[in-house]
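The values are calculated or read from the model by the stated rules, or taken from the named source; none is laboratory data. As the structure is a prediction and not an experimental result, all values here were calculated from the model. Cβ placement follows ideal geometry from the backbone for every residue including glycine, while neighbour counts extend to all protein chains displayed.
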């Protein structure tokens, strides 16, 4: 069993008594340990005094010079704190950020809304509402993530006879057997008493090859005569015909490690009210952002923030979300809430909300113990996010966490933030177009001078960026959140608004996995909104250049501020366009990097000790001595090891280079495939080594990367547009029987877009 050895923040602080963190902690302990401080009246007075002081900081009017000095001092303190380790420094930065942002919003509401015409008022109030939304999300986000719990595994009891029975559910609908079989193999190999571990494939596709596969492995195979309520309905039907104390749920592409149950189940013995424990979703294949932007394992992906920080923050408030996979739920309490929720298309989060309303505990363990396949195409990725956004809007309408009984204040805020997050579509579009109101229509959305706007807005943005970098730096780089939101904003806006108005609209869409992209292509369909917005911003910038020759005084500064804002939007939209430039993905079974001891036996009796570089379901990349001289086509036996366990697998050499060897497994039996999974994908440490290991965030460096990707995206768009227009022109000439030579030239240089093999479908 793998135990999480990460030191807690408090342990780090105590490691060096002379560190700044330790000195600060000693001061805090001295204050909090003061006898008078224990009196409730003193504490109440301190709260009132703090509130009055914060109100004064937020509301006191300052002229331009005083505001600049105040902002400089505040941000200077934040920069000093950012270099000081410890949670107390983080909390102090949060306080400074809230002060700067609250001061900006107070000034924004009280001093900048004196609009004199309808155009100014329309654009101005629209921007204000978007800013209020962002401010609310910022505040609740700080509350949610300021103090991650960082729960650690609890050892299982020594008496194995006390370990409960577990049903492992693997729901599937339209995924190929090649995707599902690894999950089944690994689920069967989990270290748990065999008589108390029952693996079931829940096949909503009702396919004979799945039935035969399960029969050969002696794995449970469950089907139903309908597809009602999609995945939730599938699981609920399985609950009716199974009977173990606990249910572990894995998406059909999420491969658990052997240690999964032993790492997770200990908390159910320690906390008798615990009904659900969630672990991170880790992906061993790149998502569309990582593949198309070439950031895989170099930069945190879109989901790492949620599983790295947000869920840990939720756990502090007993508000961990069930995420549909890689989780364990106690059967009795799950049945008490009617099984998996079916009222919304985010059945997982809704189920956790129902359990929390009954007073049960939930937990999050930030120890990666399963990994799966990311979405292959941007269109599939967008479809998946649309479902999540629609589902959270449905929950907001049908089971709003702010209303109803059973939830504590912290739980309500955590669930509220999750729902508010998916309403970012319209505010993000407002931010991407706001400066155009001035450039196109001369609309003054701020009734204030340009310098005053800068003096109030810039500290608000700088503090938020620095503080979030401090909190999220391991799992999210600065400015990348804007890229993700810009890509998705247009597509989630309408489903969210529709679902909020009519929560019964919308269906569950299955996210396809295991597909390939045979040729690189630019997805004009998915990129169309970004292209339109990009062109609008480029035109707006050109208009701004023209106006520079006619304006003077304060208007010039106002114009420059809007042009800088437009430039930033152009770069964000350029990055969004870059994501739509789909790269080739010809492997349906991605390779996983791993250095494992290996041993080769050749037909002539020769042996060779080596190491793996990577592995997949079908083969290995091996590091061998440079002078090995192994011809392609050689038949070998590959041995892999785990402790004193050895697995031997027949293979054929498909690549031989200096110091490197590629082998493909040769007709493995089901038993050998299961053994291979146990020695590779199912290793207890398979996913821990790559979790949260990306380079920590540095805001300026992250800004530079976004700028470069934005410029690259604009270049790719221009290239694709010329090719697209050239192909259209050549076809026009061909229809007229003119210029056959030109037509051929265009066709030879323009590959036809090829869509991914797998697409989302709706049962």
Open item on the list: Every residue in segment 410-449 that is in contact (Cβ under 8 Å) with a residue 24 or more places away in the chain, part of a helix (DSSP H, G or I) and under 30 Å from residue 359 (Cβ atoms), please.
Closed with: 410, 411, 413, 414, 415, 416, 417, 418, 419, 420, 421
- [ ] Report yes if residue 716 is within 21 Å of residue 296 (Cβ to Cβ), touching a strand residue (DSSP E or B) at 6+ places or on another chain (Cβ under 9 Å) and in a helix (DSSP H, G or I), otherwise no.
- [x] yes
Open item on the list: Tell me whether segment 695-702 contains one or more residues that are surrounded by 13 or more Cβ atoms within 10 Å (Cβ to Cβ), at pLDDT 50 or above and in contact with a strand residue (DSSP E or B) (Cβ under 7 Å, 6 or more places away or on another chain).
Closed with: no
- [ ] Go through segment 695-713 and give me each residue that's assigned to a helix (DSSP H, G or I), within 19 Å of residue 82 (Cβ to Cβ) and in contact with a helix residue (DSSP H, G or I) (Cβ under 6 Å, 6 or more places away or on another chain).
- [x] 699
Task: Sole exception among (1) surrounded by 21 or more Cβ atoms within 10 Å (Cβ to Cβ); (2) farther than 24 Å from residue 145 by Cβ; (3) in contact with a helix residue (DSSP H, G or I) (Cβ under 7 Å, 6 or more places away or on another chain) for residue 367, by number - done: (2)
Task: Lone qualifier among 74, 82 - being closer than 27 Å to residue 445 by Cβ and at pLDDT 90 or above - done: 74
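Please verify whether segment 538-551 includes one or more residues that are outside any helix (DSSP H, G or I), out of contact with any helix residue (DSSP H, G or I) (no Cβ under 6 Å at 6 or more places or on another chain) and at pLDDT below 85.
First, the residues of segment 538-551 that are outside any helix (DSSP H, G or I): 548-551.
Among the residues that remain, those that are also out of contact with any helix residue (DSSP H, G or I) (no Cβ under 6 Å at 6 or more places or on another chain) are: 548-550.
Restricting the remaining residues to those that are at pLDDT below 85 gives 549-550.
Yes: one or more hits.
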TODO: For segment 514-532, state whether one or more residues are under 30 Å from residue 291 (Cβ atoms), buried (at least 17 other Cβ atoms within 10 Å of the Cβ) and either at pLDDT 95 or above or assigned by TED's automatic domain parsing to the domain that holds residue 665 (or both).
DONE: no
Open item on the list: Between 396, 418, 434, which is buried (at least 18 other Cβ atoms within 10 Å of the Cβ) and farther than 21 Å from residue 140 by Cβ?
Closed with: 434
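Give the residue that is nearest to residue 209 (Cα to Cα), with candidates limited to residues of segment 660-682 that are part of a loop (DSSP other than H, G, I, E, B) and at pLDDT 90 or above. Working first, answer last.
First, pick out the residues of segment 660-682 that are part of a loop (DSSP other than H, G, I, E, B): 666-669, 680-682.
So of that shortlist, the ones also at pLDDT 90 or above come out as 666, 668-669, 680-682.
Numbers: 666: 21, 668: 17, 669: 16, 680: 25, 681: 23, 682: 24 Å.
Among them, the one singled out is 669.
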Open item on the list: Exactly one of these conditions fails for residue 474: (1) crowded, with 20+ Cβ neighbours inside 10 Å; (2) not in a helix (DSSP H, G or I). Give me its number.
Closed with: (1)
Open item on the list: Suppose we filter segment 239-270 for residues that are over 14 Å from residue 328 (Cα atoms), surrounded by fewer than 22 Cβ atoms within 10 Å (Cβ to Cβ) and in contact with a strand residue (DSSP E or B) (Cβ under 9 Å, 6 or more places away or on another chain); how many remain?
Closed with: 3
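Residues of segment 441-453 being closer than 16 Å to residue 126 by Cα and touching a helix residue (DSSP H, G or I) at 6+ places or on another chain (Cβ under 7 Å), which ones?
441, 443, 444, 445, 446
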